Amino acid sequence: MIVLAGATLVTGVSAATAGERPKPKPTIVLVHGAFADSASWSGVIERLRRQGYPVVAAANPLRGLSSDAGYVRTVINSVQGPVVLAGHSYGGAVMTNAAVGDPDVKALVYVAAFAPDQGESALDLSNKFPGSTLGATLAPVPLGDSTADLSIRPDLFRQQFAADVSEQQASLMAVTQRPIRDAALSASSGKPAWSEIPSWFLLSGADRNIPVKAQRWMAERAGAREIVEIRNASHAVGVSNPGPVADLIVRASRAR
């Protein structure tokens, strides 16, 4: 076990053999989760593009697991060539469903994310281990169809979602957060893509949305090629620690 800059590297992936002709880089498709938007990937995108990767940040609708996965599938299908999918939070559940049976998806990277098995929901997994304090911070808005939009109360957003992000940035994130329909969090997942596509996991050790024990359990169940834990990271780990997130995606993209 190697500790690097606060990250615990559990397993490793070797680099490409020196001297081989470089192959075109895969497109990285990023899927944000609830209470966030595509801009939450900005620091990661900057680092990936600096290394020459084409990047697409999908605008996850956050309306329902099946329909959200269907939308992300259209995004994947619009990309020519191989794809590496990375999902944060609920975005992990979406890509778990979107990538099933797609030979162009070469790797799945879960960033403080749900990786459900068939029949499981995000709600099931967040409650599997103690530690989530999300429920008490939510402000529901009824939609008139027996469902509701959920968002995090702005005054509680930083402590719940982004405790290691600056107060100024967290306040902007709170105002621009995207609500999620409650039915999306309770919907049962289908066949998991991680059962047939290699996976990598980054765990946020101080996560108050998805307990780190749940993240680790999902990673081990999926047979992750590599697991990295950033011990003091909040749920918004892609914002607070974009470097390690981008580095893990790059390693996944280079794996054989």
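The values are calculated or read from the model by the stated rules, or taken from the named source; none is laboratory data. Everything numeric in this text was worked out from a predicted model, so none of it was measured. Neighbour counts run over all protein chains shown; Cβ positions are idealised from the backbone, glycine included. In case anyone asks, the SASA skips ligands and DNA or RNA and just uses the protein heavy atoms, side chains included. Shrake-Rupley method; radii C 1.70, N 1.55, O 1.52, S 1.80 Å.
Only residues that are part of a helix (DSSP H, G or I), open to solvent by 10 Å² or more (accessible area, probe 1.4 Å) and either of a type outside the set (A, V, I, L, M, F, W, C) or out of contact with any strand residue (DSSP E or B) (no Cβ under 9 Å at 6 or more places or on another chain) (or both): list them for segment 195-220, please. Spell out how you get there, then give the answer.
Looking only at segment 195-220, we keep the residues that are part of a helix (DSSP H, G or I), and these are 195, 212-220.
Then keep just the ones that are open to solvent by 10 Å² or more (accessible area, probe 1.4 Å); that gives 195, 212-213, 216-217, 220.
Of everything in segment 195-220, those that are part of a helix (DSSP H, G or I), open to solvent by 10 Å² or more (accessible area, probe 1.4 Å) and either of a type outside the set (A, V, I, L, M, F, W, C) or out of contact with any strand residue (DSSP E or B) (no Cβ under 9 Å at 6 or more places or on another chain) (or both) turn out to be S195, K213, R216, W217, E220.
Of the numbered conditions (1) free of Cβ contacts under 8 Å to residues at least 60 places away in the same chain; (2) part of a loop (DSSP other than H, G, I, E, B); (3) within 23 Å of E229 (Cβ to Cβ), Q80 fails exactly one; give the number of that condition.
Of everything listed in (1) free of Cβ contacts under 8 Å to residues at least 60 places away in the same chain; (2) part of a loop (DSSP other than H, G, I, E, B); (3) within 23 Å of E229 (Cβ to Cβ), Q80 misses just condition (3).
Give segment 156-194 a look and list any residue that's of a type in the set (A, V, I, L, M) and in a helix (DSSP H, G or I), or say none. Steps first, answer last, please.
From segment 156-194, those of a type in the set (A, V, I, L, M) are 156, 162-163, 165, 170, 172-175, 180, 183-185, 187, 193; that's our starting set.
L156, A170, L172, M173, A174, V175, A183, A184, L185, A193 - these are the residues of segment 156-194 that are of a type in the set (A, V, I, L, M) and in a helix (DSSP H, G or I).
Would you confirm whether any residue within segment 90-111 is open to solvent by 60 Å² or more (accessible area, probe 1.4 Å), at pLDDT 95 or above and closer than 25 Å to L150 by Cβ?
no
Residue check: is G52 within 20 Å of T176 (Cα to Cα) and open to solvent by 10 Å² or more (accessible area, probe 1.4 Å)?
Working: within 20 Å of T176 (Cα to Cα): no; open to solvent by 10 Å² or more (accessible area, probe 1.4 Å): yes.
For G52, the condition - within 20 Å of T176 (Cα to Cα) and open to solvent by 10 Å² or more (accessible area, probe 1.4 Å) - is not met.
Out of A224, A214, A139, A183, I need the residue that is hydrophobic (A, V, I, L, M, F, W, C) and touching a helix residue (DSSP H, G or I) at 6+ places or on another chain (Cβ under 7 Å). Which one?
Values: A224 fails: touching a helix residue (DSSP H, G or I) at 6+ places or on another chain (Cβ under 7 Å); A139 fails: touching a helix residue (DSSP H, G or I) at 6+ places or on another chain (Cβ under 7 Å); A183 fails: touching a helix residue (DSSP H, G or I) at 6+ places or on another chain (Cβ under 7 Å).
Of the residues listed, the single one that is hydrophobic (A, V, I, L, M, F, W, C) and touching a helix residue (DSSP H, G or I) at 6+ places or on another chain (Cβ under 7 Å) is A214.
Any idea which of (1) among the hydroxyl-bearing types (S, T, Y); (2) surrounded by fewer than 17 Cβ atoms within 10 Å (Cβ to Cβ); (3) within 17 Å of the chain's Cα centre (by Cα) is the one S78 doesn't satisfy?
(3)
I want to confirm something. Restricting to segment 133-155 and keeping residues that are in a loop (DSSP other than H, G, I, E, B) and of a type in the set (A, V, I, L, M, F, W, C), which single residue is nearest to L185 (Cα to Cα)? Full working, then the answer.
Taking segment 133-155 and keeping what is in a loop (DSSP other than H, G, I, E, B), we get 133-134, 143-147, 153.
Next, from what is left, pick out any that are of a type in the set (A, V, I, L, M, F, W, C): 134, 143.
Working: L134: 12, L143: 15 Å.
So, considering only residues that are in a loop (DSSP other than H, G, I, E, B) and of a type in the set (A, V, I, L, M, F, W, C), the one nearest to L185 (Cα to Cα) is L134.
Residue check: is S199 at pLDDT 95 or above and farther than 24 Å from D149 by Cβ? Show your work before the answer.
Working: at pLDDT 95 or above: yes; farther than 24 Å from D149 by Cβ: yes.
Judged against the criteria, S199 is a match.
Looking at the structure I just gave you, is V44 open to solvent by less than 10 Å² (accessible area, probe 1.4 Å), under 26 Å from K23 (Cβ atoms), of a type in the set (V, I, T) and modelled with pLDDT of 95 or more?
On the way: open to solvent by less than 10 Å² (accessible area, probe 1.4 Å): yes; under 26 Å from K23 (Cβ atoms): yes; of a type in the set (V, I, T): yes; modelled with pLDDT of 95 or more: yes.
In short, yes.
Quick one: A183 ticks every box in (1) more than 20 Å from E120 (Cβ to Cβ); (2) touching a residue at least 12 places away in the same chain (Cβ under 8 Å); (3) surrounded by fewer than 19 Cβ atoms within 10 Å (Cβ to Cβ); (4) over 18 Å from the mean Cα position of the chain (by Cα) bar one, so which box is it?
(1)
For segment 221-237, which positions are of a type outside the set (A, V, I, L, M, F, W, C), open to solvent by 10 Å² or more (accessible area, probe 1.4 Å), in contact with a strand residue (DSSP E or B) (Cβ under 6 Å, 6 or more places away or on another chain) and closer than 17 Å to L85 by Cβ?
If we filter segment 221-237 for residues that are of a type outside the set (A, V, I, L, M, F, W, C), which is where we start, we get 221, 223, 225-226, 229, 231-232, 234-235.
Okay, now just the ones that are also open to solvent by 10 Å² or more (accessible area, probe 1.4 Å), so 221, 223, 225, 229, 231-232.
Still in the running and in contact with a strand residue (DSSP E or B) (Cβ under 6 Å, 6 or more places away or on another chain): 225, 229.
The one that is of a type outside the set (A, V, I, L, M, F, W, C), open to solvent by 10 Å² or more (accessible area, probe 1.4 Å), in contact with a strand residue (DSSP E or B) (Cβ under 6 Å, 6 or more places away or on another chain) and closer than 17 Å to L85 by Cβ: R225.
Please count how many residues of segment 201-210 are within 17 Å of K128 (Cβ to Cβ) and either of a type in the set (A, V, I, L, M, F, W, C) or under 14 Å from the mean Cα position of the chain (by Cα) (or both).
Final tally of qualifying residues: 6.
In this structure, is A113 in contact with a helix residue (DSSP H, G or I) (Cβ under 8 Å, 6 or more places away or on another chain), within 24 Å of Q177 (Cα to Cα), in contact (Cβ under 8 Å) with a residue 60 or more places away in the chain and not polar (S, T, N, Q)?
On the way: in contact with a helix residue (DSSP H, G or I) (Cβ under 8 Å, 6 or more places away or on another chain): yes; within 24 Å of Q177 (Cα to Cα): yes; in contact (Cβ under 8 Å) with a residue 60 or more places away in the chain: yes; not polar (S, T, N, Q): yes.
Taking the combined requirement at face value, the residue satisfies it.
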